[in-house]
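Here's the structure, in C-alpha cells; my notes come after.
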Amino acid sequence: MTVACSDTLSEAAIVNPENEGAALETSILDYLAANPAAQDTLDGIVDWWLLRERVAQSMADVEAALARLVERNLVTKHEGADGRVHYRAAPRSKKAR
C-alpha cells in the first residue's frame with residue numbers, strides 16, 4: 001500500500017508506509033511541500049527542517065501533557081506579567097502529606 005504525502009508534490013513523491021524510514025521520508029516531503037523553493041545540505045536538512053519539526057511536535061506533546069496535569073490538579077498555571085503562561089507544581093493539600 002502506498003500513500004501520497006502531499007497534493008502539491010508530483011505522483012513520484014509516494015512513500016511506502018511499511019518502509020522503516022517512511023516517517024522521515026514523509027517529514028522531508030511535507031517540508032518541501034510547504035516550502036517548494038527550499039534547498040539545503042544534509043546538515044541543514046537535519047538541523048533546520050527536521051529538528052524544527054520535531055521541536056514543534058515536542059512542544060505540542062508537552063502542552064498536552066501540561067493540560068492533563070493541570071486538569072488533574074497536579075500542576076497549576078497562571079499568566080505572568082509578560083502575558084505568557086507559567087506552570088508550577090500544585091500546592092499539596094494537608095491530607096496528601
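The values are calculated or read from the model by the stated rules, or taken from the named source; none is laboratory data. Quantities reported herein were computed from a predicted structural model and do not represent experimental measurements. Reconstructed Cβ throughout: ideal geometry from the backbone, glycine too, with neighbour counts over all protein chains shown.
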### Query
Looking only at the range 45-97, which residues are part of a strand (DSSP E or B), surrounded by fewer than 10 Cβ atoms within 10 Å (Cβ to Cβ) and either touching a residue at least 12 places away in the same chain (Cβ under 8 Å) or aromatic (Phe, Trp, Tyr) (or both)?
Arg88, Ala89
### Task
Give the residues of the range 56-96 that are of a type in the set (S, T, N, Q) and farther than 30 Å from Tyr31 by Cα, sorted by residue number.
Asn73, Thr76, Ser93
### Query
If Ala37 passes every condition in (1) at pLDDT 90 or above; (2) in contact with a helix residue (DSSP H, G or I) (Cβ under 7 Å, 6 or more places away or on another chain) but one, which one does it miss?
(2)
